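Visitor: Dropping the structure in here first, questions after.
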Amino acid sequence: MIERWLIAAGAGGLLFVCFAQAAPQLDTLPAASAILPPFAANSLPLIQEISFDGLRRISPTALHLKISSREGQPLDANKVDADLRGLARLGWFGEISVESQSLTAATVPAEKTPPQIRLIFHLDEQPYLTGVEFSGSKLLSRGQIDKLLSETHRTPRLGEPTDPVALHHIALAIQFSLAELAHPQSRVELHREEFANHTVRVRFEINDGPHLPVGKICFEGPTAFHAKLLRRQMRRIAPGSFFAELRGKNAFTREAFEDDREHLLAYYRNHGYPEVRIGNAEISREDKRSFRWLPWPHRINVTRLSLVIPVQPGPRYVLASLHASPTLLQATGSRAQKLQSIFRTDTGKPYSAQTIEDLHRAWQIIIQLDSKNNIFPAYRSLETTRTFSPENHTVEIALGLSDRPPFLVRRVEIQGLHRFSDRFVRRRIPFQEGRPLDDHALETGLARLARTGYFRPVRKEDIHVQTDEAARTADITIHLQEIGQQRASFSVSHGQFGSTLGLAYTVFDLFERNELLAAQSDAGPDSLQLMLGLAKQGFLGSRGSLALSVFNNVLRPRFTSSVKGPFYTSETEGLNAGWTSAVTNTDSLGINYTLSRSNTDYSLPLPANLTDVTASDIRTRTSNHSLGLGWTRDAASQHFTVANSFSGAWLGGSENLLRSSEEYARLVPDPLFNHQNAFAFRTAVGGAGSYRGDMPLYARLFPTDDQVRGLRTGELGPYAVVSSISSTGNTQFSAVPAGANLFTAVNLEYRIPISSGTQATGFFDLGSGWLLPNWLGPTRPLLLASTNSVLHGSTGIQLQWTVPGIQVPVRGYYAVNVLRLNRFLKLPDGSLFHVRNHLSGFGWALGTLF
C-alpha cells in the first residue's frame with residue numbers, strides 16, 4: 001500500500017516567474033486525515049521507520065528534530081500534516097511530498113499485529129546560497145541595501161539552502177525603498193547561477209526607473225470642503241509642504257496613500273459625514289517646464305505624477321440628542337450634572353465619531369476607577385448606541401451601563417520586538433491575562449512605553465482586539481515599532497595633540513527618514529571636543545549622505561620644553577555641513593563647509609617672536625570659513641585618504657589658510673611563515689600654510705607618537721628660540737617646539753594575533769617635520785636651523801588589547817629611538833641648550849595607529 005500527498009509548488013511571485021516553482025504553498029496542502037485510508041481505532045499502523053529522500057547536504061538528524069512523528073508511534077494524520085507544513089515553513093525545499101509504505105507481510109493477520117509502515121518524506125532540497133550581489137542601482141549603494149535588509153531582518157543567510165520566498169521579499173523591500181524615493185516604476189530581477197556542487201549565487205539586477213515625484217493632488221466629486229483643507233489632512237503624500245522632496249513627502253506608494261486615505265476619512269467622519277467614501281487615486285503623468293539654477297540657469301522638462309482622488313461625502317449628519325440611561329446617571333452620582341451639561345452643549349453640532357469615542361472613553365475610565373475603588377459592586381462596562389436617521393440626517397446617542405459580564409483578557413501578544421524583551425514591555429503595561437479588559441490601563445501603559453523613547457507612539461491601527469461574544473473573552477495583539485537604533489558607544493580619534501577617548505550617543509531613524517542623531521564628547525590630556533550632529537542618508541534620492549553638526553573644541557597643549565606650558569588656550573565653536581557620496585563600492589567623495597570662530601588666550605610671559613601676538617595683546621579672535629574636498633578608498637586590505645581645504649579669500653573670515661593631508665595604509669598576509677600574521681604599512685603626509693597674512697600658532701601641526709612612536713608632543717618638528725625677562729630684569733633665552741607646517745611619516749609593522757582581541761606587533765617608524773618660513777606669513781619665529789627637517793626613527797614592540805563590551809583598543813609600546821636629536825645648540829646670548837630626545841621609553845594610547 002502506498003499513499004502519497006503533495007504540497008503544490010507556487011509561492012506566488014509578483015516579480016519573478018522562477019519563484020513560482022520554487023517554494024511550497026501551505027494553503028494547497030490537503031488534510032492528511034482526508035487522504036490516509038481509514039483505519040479502525042484499535043488497528044492504527046505503527047511507524048517503523050522514518051526516512052528523508054532527496055537530501056544532499058542537510059543531515060536527516062536535523063530534520064528529525066523538526067518533525068513530531070516518531071518511530072514506534074501510531075500514524076497520526078494530524079502530526080503528518082503538521083510535519084509537512086513545518087518542513088515547508090523552513091524554506092529549504094521546493095516540492096515536498098510524503099508517502100507511507102507497508103512493511104507488514106501479507107500473510108500476517110491484521111487483527112493480531114498492527115500494520116507496520118515506513119514514512120518517507122520526499123524533499124527537493126534547494127541549492128546552498130554562496131553569494132549575493134546587487135547591481136544596477138544608481139540610488140542605493142551596497143551599504144544602504146545592507147542596512148535596509150538588516151533593519152527589516154531580511155539579510156540573506158549564506159551557507160544555508162536558498163529560500164526563494166526570502167529572496168522575493170528582499171526584492172520587494174528594495175522596490176519599496178525606491179518607491180519611497182519617488183521611483184514607483186522600479187524593477188528588480190533575480191538572476192541565479194547554479195553550480196555542479198549544488199550551490200547557487202544570486203544577483204539582484206536593479207532598475208531604478210524614472211524619477212516620478214507627485215506634483216499635484218486633486219479631488220473629484222462634491223467634496224464639501226475646500227481642496228486645500230483636504231490636502232492638509234494628507235500627511236505622507238504632501239508635495240506642497242516645506243522641503244517635501246527632502247522629507248520624502250512627494251513620493252507615491254500604496255501604503256502612504258492608504259494612510260492618507262484613513263486621515264481623510266477620519267476628518268470627514270469627525271465633521272458630520274459618517275457615510276463618506278473615498279476611492280482609489282487615479283494616477284496620471286504630466287510634463288511641465290521647470291526652472292533650474294544649477295549648474296547654470298536653464299529650463300528643463302520634468303515629468304510628475306498627478307493624483308485625482310474621488311470623494312463621495314454623503315449626507316451631513318448632526319446630533320439630535322445625547323442622553324444617558326437612568327442607571328448610568330444613578331451610578332455617576334454628582335458627575336451626572338456634568339455629564340448632562342456636556343450632552344446639552346454637543347446637541348445640534350455636526351456628528352463627530354471622535355468626540356463620541358472620547359466621551360465614551362472618559363466615562364468608561366470613571367466607571368472602571370470606581371469599580372476598583374469598590375463604588376460599584378462589580379466591574380461594569382459602558383455601552384454606546386448610535387441611531388442614524390437617514391430621513392432627517394440626525395444621530396441619537398445613548399449611553400448606559402451594560403448588564404453583560406465584561407470581556408476577560410485571554411491572551412496578549414506583543415509583536416515587532418527585536419532588541420527588547422517581551423518582559424520589558426509587559427512590565428510597563430499593567431495589563432494581565434485573566435483580568436477584565438481595561439481600556440484605561442492599556443492606554444496608560446502604552447503612553448508610558450512611548451515615554452521611554454525606545455518605541456514609536458502606538459496608533460489605533462497597531463492594536464487589534466479579537467473578541468469572543470459567547471465566551472466573553474478578548475485576544476489582544478499589539479504591534480510595536482522600535483525607534484531605530486539607540487546606543488551609547490566609545491570611540492577613539494587622533495588629533496594633533498594625541499589620541500582622545502570619545503563617548504557617543506546615537507539614535508537612528510527617530511523621524512522615520514533614515515536619519516542619524518548623534519551627540520559625542522572626545523577628551524584627551526590636551527583637548528576637549530563636543531559635537532551634536534544630524535546625518536541623513538540617501539539625501540535628495542541620491543547615494544549621498546548629508547551631515548550637519550555643531551561643535552565646540554578646546555585646546556590647551558603642554559609642550560615638552562624648558563619653558564612650562566601651556567602657551568595658549570584656544571576655544572573654537574562652529575557649524576559644519578558635509579556631503580559624502582559613494583562613487584564605487586570602495587570609493588567615496590566628500591565635500592564639507594565649515595563656519596567657526598576661535599578665541600585664543602596666550603599665557604604670560606609670552607614669547608613674542610614665536611607668533612604674531614604681542615604681550616599687550618594676549619587674546620586674539622579669528623574666524624574661519626573653509627571649504628574642504630576629500631576622497632577615501634576603503635578596500636579589504638588597503639585604505640587611502642586624501643583631504644584638502646582652503647579658507648579665506650571669497651569665502652570670508654580672517655584666516656587665509658591651505659591645508660592638505662594624505663594617508664595610505666595596506667595590510668599583507670605573511671606569505672612565508674604564518675598566514676594568520678600580517679605585514680602592515682602606512683605612509684602619511686600633511687601640510688598647512690598661509691597664503692595671506694600670518695598663520696596662527698594653533699593652526700600649526702604638532703605631530704606626536706601617532707606618527708613616530710617614542711616621541712612626545714612637538715618633538716617631530718623644529719625648535720624656536722624664545723626670550724623672556726627674568727625677575728632681575730635680564731633677558732633669558734630658551735628653546736621650545738615651534739610646530740611644523742609640513743610633516744611626513746612612514747610606519748612598518750609585523751602583526752601577530754595572540755588570542756581573541758589581543759595582538760603583538762613589532763614596528764619601525766620614520767618621520768620628519770618642517771617649518772617652512774615662507775608658509776607662515778610676515779611674522780616668523782627664530783628657528784634653530786639644525787633642528788628643522790631632522791629625520792627621526794624608532795623601533796620596538798607593541799601589545800594591543802581590545803576591551804570587551806566597549807570594543808576600544810588599548811595599546812602599550814616600548815620604543816627605542818634609533819634616530820634622534822641629542823646635541824647642544826648655541827643660543828643668541830651664548831648659552832648652550834641641550835636638545836635631547838629620550839633614548840627609549842614606554843607609551844600607551846587608545847585606538848589603533850592605522
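The values are calculated or read from the model by the stated rules, or taken from the named source; none is laboratory data. Computed from a predicted structure; not experimentally measured. All Cβ positions, even for glycine, are placed from backbone atoms using ideal geometry, and neighbour counts span all protein chains on display. Accessible surface is based on the protein model in full, side chains and every heavy atom, while ligands, DNA and RNA are left aside. Shrake-Rupley method; radii C 1.70, N 1.55, O 1.52, S 1.80 Å.
Visitor: Within the range 633-677, how many residues are over 20 Å from Gln707 (Cα atoms) and either part of a strand (DSSP E or B) or open to solvent by less than 60 Å² (accessible area, probe 1.4 Å) (or both)? I'd like the intermediate steps shown before the answer.
Guide: To start, the set of residues in the range 633-677 that are over 20 Å from Gln707 (Cα atoms) comprises 633-637, 645-658, 668-677.
With either part of a strand (DSSP E or B) or open to solvent by less than 60 Å² (accessible area, probe 1.4 Å) (or both) added as a condition, the list becomes 633-635, 637, 645-649, 651-653, 655-658, 668-670, 677.
Going through the range 633-677 one residue at a time, the tally reaches 20.
Visitor: So, one more: Just checking, how many residues over the range 472-507 are at pLDDT below 85 and not in a strand (DSSP E or B)?
Guide: The total comes to 7.
Visitor: What residue, among those in the range 678-707 that are crowded, with 18+ Cβ neighbours inside 10 Å and of a type in the set (Ser, Thr, Tyr), is modelled with the highest pLDDT?
Guide: The selected residue is Ser690.
Visitor: Go through the range 407-432 and report how many residues are part of a loop (DSSP other than H, G, I, E, B), under 25 Å from Gln364 (Cα atoms) and modelled with pLDDT of 80 or more.
Guide: Residues flagged as part of a loop (DSSP other than H, G, I, E, B), under 25 Å from Gln364 (Cα atoms) and modelled with pLDDT of 80 or more within the range 407-432 amount to 1.
Visitor: Give the residues of the range 127-168 that are among the β-branched types (Val, Ile, Thr) and farther than 20 Å from Val583 by Cβ, sorted by residue number.
Guide: Listed by number, the residues that qualify are Thr130, Val132, Thr152, Thr155, Thr162, Val165.
Visitor: Tell me, please, whether a residue that is at pLDDT below 85 and not in a strand (DSSP E or B) can be found in the range 762-772. Before you say what the answer is, go through the steps one by one.
Guide: Going through the range 762-772, the residues at pLDDT below 85 turn out to be none.
No.
Visitor: A follow-up question, please. Test each condition in (1) open to solvent by 30 Å² or more (accessible area, probe 1.4 Å); (2) over 44 Å from the mean Cα position of the chain (by Cα) for Pro718 and report the one that comes out false.
Guide: Of everything listed in (1) open to solvent by 30 Å² or more (accessible area, probe 1.4 Å); (2) over 44 Å from the mean Cα position of the chain (by Cα), Pro718 misses just condition (1).
Visitor: Restricting attention to the range 362-384, does a residue exist that is β-branched (Val, Ile, Thr), assigned to a strand (DSSP E or B) and either out of contact with any Gly (no Cβ under 8 Å at 6 or more places or on another chain) or at pLDDT 75 or above (or both)?
Guide: Checked against the condition, which is being β-branched (Val, Ile, Thr), assigned to a strand (DSSP E or B) and either out of contact with any Gly (no Cβ under 8 Å at 6 or more places or on another chain) or at pLDDT 75 or above (or both), the range 362-384 yields at least one hit.
Visitor: Is there a residue in the range 230-242 that is open to solvent by less than 20 Å² (accessible area, probe 1.4 Å), within 19 Å of Gly279 (Cβ to Cβ) and part of a loop (DSSP other than H, G, I, E, B)?
Guide: Yes, the range 230-242 has at least one match.
Visitor: Further, regarding this structure: In contact with a Pro (Cβ under 9 Å, 6 or more places away or on another chain), closer than 30 Å to Gln48 by Cβ and either among the aliphatic types (A, V, I, L, M) or modelled with pLDDT of 80 or more (or both): is that true of Pro114 in this structure?
Guide: No, not satisfied.
Visitor: Only one residue in Leu555, Leu540, Leu534 is open to solvent by 30 Å² or more (accessible area, probe 1.4 Å), modelled with pLDDT of 70 or more, farther than 23 Å from Arg619 by Cα and not acidic (Asp, Glu). Which one?
Guide: Going through Leu555, Leu540, Leu534 in turn, just one is open to solvent by 30 Å² or more (accessible area, probe 1.4 Å), modelled with pLDDT of 70 or more, farther than 23 Å from Arg619 by Cα and not acidic (Asp, Glu): Leu534.
Visitor: Could you tell me whether Ser290 is open to solvent by less than 30 Å² (accessible area, probe 1.4 Å) and free of Cβ contacts under 8 Å to residues at least 60 places away in the same chain?
Guide: Working: open to solvent by less than 30 Å² (accessible area, probe 1.4 Å): yes; free of Cβ contacts under 8 Å to residues at least 60 places away in the same chain: yes.
Yes.
Visitor: Name the residue that is farthest from Leu849 (Cα to Cα), counting only residues in the range 760-777 that are in contact with a Phe, Trp or Tyr (Cβ under 8 Å, 6 or more places away or on another chain) and surrounded by 14 or more Cβ atoms within 10 Å (Cβ to Cβ).
Guide: For the range 760-777, the residue satisfying everything is Trp770.
Visitor: Hey, another quick one. Residue check: is Arg269 modelled with pLDDT of 75 or more and of a type in the set (D, E, K, R)?
Guide: When the stated conditions are applied, Arg269 passes them.
Visitor: Then there's this: Of the residues Ser598, Ser626, which is within 22 Å of Leu532 (Cα to Cα) and modelled with pLDDT of 90 or more?
Guide: Ser626
Visitor: Moving on. Checking Gly445 against (1) outside any helix (DSSP H, G or I); (2) at negative phi: exactly one of these is not met. Which one?
Guide: Unmet condition: (1).
Visitor: Among the residues of the range 780-789, which ones are over 19 Å from Asp705 (Cβ atoms) and surrounded by 15 or more Cβ atoms within 10 Å (Cβ to Cβ)?
Guide: Once the filter is applied, which keeps residues that are over 19 Å from Asp705 (Cβ atoms) and surrounded by 15 or more Cβ atoms within 10 Å (Cβ to Cβ), the range 780-789 yields Arg780, Pro781, Leu782, Leu783, Leu784, Asn788, Ser789.
Visitor: Quick check on this structure: which one of Ser306, Ser284, Ser290 is hydroxyl-bearing (Ser, Thr, Tyr), outside any loop (DSSP other than H, G, I, E, B) and touching a Gly at 6+ places or on another chain (Cβ under 8 Å)?
Guide: None of the others qualify; the one that does is Ser306.
Visitor: Now, a different point. With the requirement that a residue be under 20 Å from Glu461 (Cβ atoms) and in contact (Cβ under 8 Å) with a residue 12 or more places away in the chain, what does the range 239-254 give you?
Guide: Kept after step one, since they are under 20 Å from Glu461 (Cβ atoms), are these residues of the range 239-254: 253-254.
Thr253 - this is the single residue of the range 239-254 that is under 20 Å from Glu461 (Cβ atoms) and in contact (Cβ under 8 Å) with a residue 12 or more places away in the chain.
Visitor: Could you list, in sequence order, all residues of the range 115-150 that are in a loop (DSSP other than H, G, I, E, B) and either open to solvent by 60 Å² or more (accessible area, probe 1.4 Å) or free of Cβ contacts under 8 Å to residues at least 60 places away in the same chain (or both)?
Guide: Correct list: Lys138 only.
Visitor: Which residue pairs have Cβ atoms closer than 6 Å, lie 6 or more positions apart in sequence or on different chains, and pair a first residue in the range 207-227 that is free of Cβ contacts under 8 Å to residues at least 40 places away in the same chain and in a loop (DSSP other than H, G, I, E, B) with a second residue that is of a type outside the set (Phe, Trp, Tyr) and surrounded by 13 or more Cβ atoms within 10 Å (Cβ to Cβ)?
Guide: Filtered contacts from the range 207-227: Gly209/His183; Gly209/Gln185; Gly209/Ser186.
Visitor: Next question. Out of the residues in the range 834-845 that are in a strand (DSSP E or B) and open to solvent by 30 Å² or more (accessible area, probe 1.4 Å), state the one that is nearest to Pro809 (Cα to Cα).
Guide: Selected residue: Trp844.
Visitor: For Leu167, state whether it is under 29 Å from the mean Cα position of the chain (by Cα) and either open to solvent by less than 40 Å² (accessible area, probe 1.4 Å) or more than 30 Å from Arg277 (Cβ to Cβ) (or both).
Guide: Spelling it out, Leu167 is indeed under 29 Å from the mean Cα position of the chain (by Cα) and either open to solvent by less than 40 Å² (accessible area, probe 1.4 Å) or more than 30 Å from Arg277 (Cβ to Cβ) (or both).
Visitor: Looking only at the range 410-425, which residues are in contact with a strand residue (DSSP E or B) (Cβ under 7 Å, 6 or more places away or on another chain) and open to solvent by 50 Å² or more (accessible area, probe 1.4 Å)?
Guide: Narrowing the range 410-425 to residues in contact with a strand residue (DSSP E or B) (Cβ under 7 Å, 6 or more places away or on another chain): 410-416, 418-420, 422, 425.
Those that are in contact with a strand residue (DSSP E or B) (Cβ under 7 Å, 6 or more places away or on another chain) and open to solvent by 50 Å² or more (accessible area, probe 1.4 Å): Arg410, Arg411, Glu413, Gln415, His418, Arg419, Phe420, Asp422.
Visitor: Among what's in the range 151-180 and is among the polar types (S, T, N, Q) and in a helix (DSSP H, G or I), pick the residue that is nearest to Ala88 (Cα to Cα).
Guide: In this case the residue turns out to be Gln175.
Visitor: Still on this structure: Can you tell me which residue is nearest to the chain's Cα centre (by Cα) among those in the range 456-482 that are farther than 14 Å from Gln415 by Cβ and crowded, with 16+ Cβ neighbours inside 10 Å?
Guide: Top of the filtered list is Ala474.
Visitor: Still on this structure, I have one more. From the set of residues in the range 790-813 that are modelled with pLDDT of 90 or more and not small (Gly, Ala, Ser), which is most open to solvent (accessible area, probe 1.4 Å)?
Guide: Top of the filtered list is Ile797.
Visitor: For Ser141, are the conditions met, namely being modelled with pLDDT of 85 or more and of a type outside the set (Val, Ile, Thr)?
Guide: yes
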